[in-house]
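Have a look at the structure below before the remarks.
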Amino acid sequence: MSLGLLGNKIGMTQIFNESGNVVPVTIVKVGPCVVTQIKTVLSDGYNAIQIGYLNVSNKVLTQPELGHLQKSNIQPLKYLKEFRVNNPEDFTVGQIITASSFNEGQLIDITGKSSGKGFSGLQKRHNFARGPMTHGSKNHRAPGSIGMGTDPGRVLPGKRMAGQLGNKTVNIKKLKIIQVNTEENILVIKGSVPGKPGNLLNIKPSK
């Protein structure tokens, strides 16, 4: 089973395929990631590999985080992430994992934080239709009635209303890898991925 990686979104562009059609792509810098811990059924109750990404100064991490990494003689890393695996014995602590673990044409799942758009109204957040714009109307972009006057006489949980839009964890499945650059650890992925340039992404093979 292939292991996932952490990386950063660089940005979007477009390329031409063999048929001459324009294909929108996202450039993602992945890894290199370091195996920081190996978990097995005997020691932890399940099989998993923990990887670390992005070297940082000691000042950035807490003492427990530093102690966890120093126990395996690994330099300070900003992000840690676990991936379930079937055969943890295939990996060793300190092993470097790069973009070479992915192949062109492979399907992957990408998880990341979507772009935050702040407080947004119903038309933008939930695609509501607006009210009449004619003279005398007082309901242009208002939500209208949000609850009943009789029992239970309250706004029920889950009611679609104005509020924070974006800045949520988004998972996009089965994106296709167009190109793999193993020298620079860069993936060229068909389509868009969550967040703005520089956003942290979790990339793993699709099931």
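FYI, it's all coordinate maths here, none of it is from the lab. None of the values given here were measured: they were computed from a predicted structure. With ideal geometry, Cβ positions are generated from the backbone for all residues, glycine too; neighbour counts draw on all protein chains shown.
Residue check: is residue 74 under 16 Å from residue 200 (Cβ atoms), touching a Ser or Thr at 6+ places or on another chain (Cβ under 8 Å) and among the hydrophobic types (A, V, I, L, M, F, W, C)? Give the derivation first.
Numbers: under 16 Å from residue 200 (Cβ atoms): no; touching a Ser or Thr at 6+ places or on another chain (Cβ under 8 Å): yes; among the hydrophobic types (A, V, I, L, M, F, W, C): yes.
It is false that residue 74 is under 16 Å from residue 200 (Cβ atoms), touching a Ser or Thr at 6+ places or on another chain (Cβ under 8 Å) and among the hydrophobic types (A, V, I, L, M, F, W, C).
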Report, ordered by the first and then the second residue, all pairs with beta carbons closer than 8 Å, sequence separation of six or more or different chains, a first member in the range 28-50 that is closer than 16 Å to residue 4 by Cα, and a second member that is surrounded by fewer than 16 Cβ atoms within 10 Å (Cβ to Cβ) and of a type in the set (Lys, Arg).
47/84; 48/84
Picking from 159, 174, 204, which residue would you name as being on the phi > 0 side of the Ramachandran plot, in contact (Cβ under 8 Å) with a residue 12 or more places away in the chain and charged (D, E, K, R)?
174
When residue 156 is run through (1) surrounded by 10 or more Cβ atoms within 10 Å (Cβ to Cβ); (2) assigned to a loop (DSSP other than H, G, I, E, B), the failure sits at (1)
For residue 18, indicate whether it is exposed (fewer than 15 other Cβ atoms within 10 Å of the Cβ) and charged (D, E, K, R).
yes
Of the numbered conditions (1) touching a residue at least 40 places away in the same chain (Cβ under 8 Å); (2) over 25 Å from residue 205 (Cβ atoms), residue 92 fails exactly one; give the number of that condition.
(2)
